[in-house]
Amino acid sequence: MADDHRMVTEGLRNLLEPEFEIAGIFEDGRALVKAVQKTHSEVIVVDISMPLLNGIEAVRQIKQIKPDIKVIFLTMHPDVAYATRAFEAGASGYVLKHSAPSELVSAIHEAIKGRIYITPVIAGDLMQAYKDGLDPKQDDAEILTPRQKEVLQLLAEGHSAAEIGDILCISSRTVEFHKYKMMEQLNLKTSAALLGYAIKSGIVTV
């Protein structure tokens, strides 16, 4: 499980332990990615909004490492755009945090069976969006590489170039290169505009 709110994860532990073995609890997406490489978990329960690496980008990386692992997003975001990104990243389920606890348990069981679970609150809107051929996500988000998205999230969280370099094991000069390359690709003139884009596109949330 991964969520940056300890009270949430402890509540989830109490909910899930009667039926499932909890392999680990993590508070940021980067720690989750590292942990998945060392465990044999069948299912991940993950939030979208997490520090260092958001849940969607973390799941994209995890799916490259372990494509068969099942992922349930447990999030506060009822927006169809977030759900679309989650399923495109490889999710098996999408559950809202204010849903009944039994809904998360059902979603996990469905994922283990190889099925998809969508919380009823948004299921109709999501299916209609796909039926209409609409893509609710920001198209510009696909311009950026996974590394650029990592750098952008860390910049938006207030980390300096040197700090980001340490986190990603790259030089601060490379961080600056990514920053200005993104501004060029997105036709943005200022750092503030770049951070605004990070929020608008869902790379970070406020």
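Read-outs: derived from the displayed coordinates by stated rules, not from any lab. Quick caveat, the model's predicted, so the values are computed rather than measured. All Cβ positions, glycine included, derive from the backbone under ideal geometry; neighbour counts span all protein chains shown.
Leu53: net charge of surrounding residues, Cβ under 12 Å, Lys/Arg +1, Asp/Glu -1, itself excluded?
-2
Where is the GNM fluctuation largest for the chain (alpha-carbon springs, 10 angstrom cutoff): Lys70, Lys113, Lys179?
Lys113
So what's Rg/Rh here for the chain, counting alpha carbon atoms and using the Kirkwood radius for Rh? Provide the component values of the computation, followed by the final result.
Working: Rg = 17.2 Å, Rh = 17.7 Å.
Expressed as Rg/Rh, it is 0.97.
Calculate, for Ser191 and Glu19, the FRET efficiency according to 1/(1 + (r/R0)^6) with r their C-beta to C-beta distance and R0 35 Å; round to the nearest 0.05.
For Ser191 and Glu19, the calculated efficiency is 0.15.
For the chain, what is the mean residue ellipticity at 222 nm derived from helices alone (per DSSP H run of n ≥ 4: -39500 (n - 2.57); sum divided by total residues; nearest 500 deg cm²/dmol)?
That comes out to -16000 deg cm²/dmol.
Pulled fully out, how much extra length does the chain show between Val105 and Lys34, if you take 0.36 nm times their separation in residues and subtract their Cα-Cα distance?
This chain segment gains 23.1 nm when fully extended.
Just how far, in whole angstrom, is the range 137-204 from the range 75-94 if you go by their alpha carbon centroids?
22 Å
Net charge near Asp3: determine it from the other residues with C-beta under 12 Å of the C-beta of Asp3, scoring Lys and Arg +1 and Asp and Glu -1.
In short, -2.
Can you find, among Ile25, His98, Thr190, the residue sitting farthest towards the positive end of the charge dipole of the chain, where Lys and Arg contribute +1 and Asp and Glu -1 at Cβ?
Of the listed residues, the answer is Thr190.
Under 13 Å from the Cβ of Ser102, count the other residues' Cβ atoms, weight Lys and Arg +1, Asp and Glu -1, and hand me the total.
Once positives and negatives cancel, what remains is -3.
Note down the relative contact order for the chain as a percent, whole number, built from C-alpha pairs under 8 angstrom at least six residues apart.
On the way: 274 pairs, mean separation 32.0, N = 206.
Worked out over the chain, it gives 16 percent.
Considering all projection directions equally, how large on average is the shadow of the alpha-carbon convex hull of the range 139-200, in square nanometres? If you can, show how the numbers build up before the last one.
Values: hull surface 14.9 nm².
For the range 139-200, averaging the hull's shadow over all directions gives 3.7 nm².
Cut-off 10 angstrom, C-alpha nodes, Gaussian network model of the chain. Which of Ala83, Ala193, Ala91 fluctuates the most?
With Cα springs under 10 Å in the chain, the top fluctuation among Ala83, Ala193, Ala91 is at Ala193.
At Gln128 and Ser160, where each label point lies 7 Å from the Cα along Cα→Cβ, what is the point-to-point distance in nanometres?
Between Gln128 and Ser160, the simple spin-label model gives 5.0 nm.
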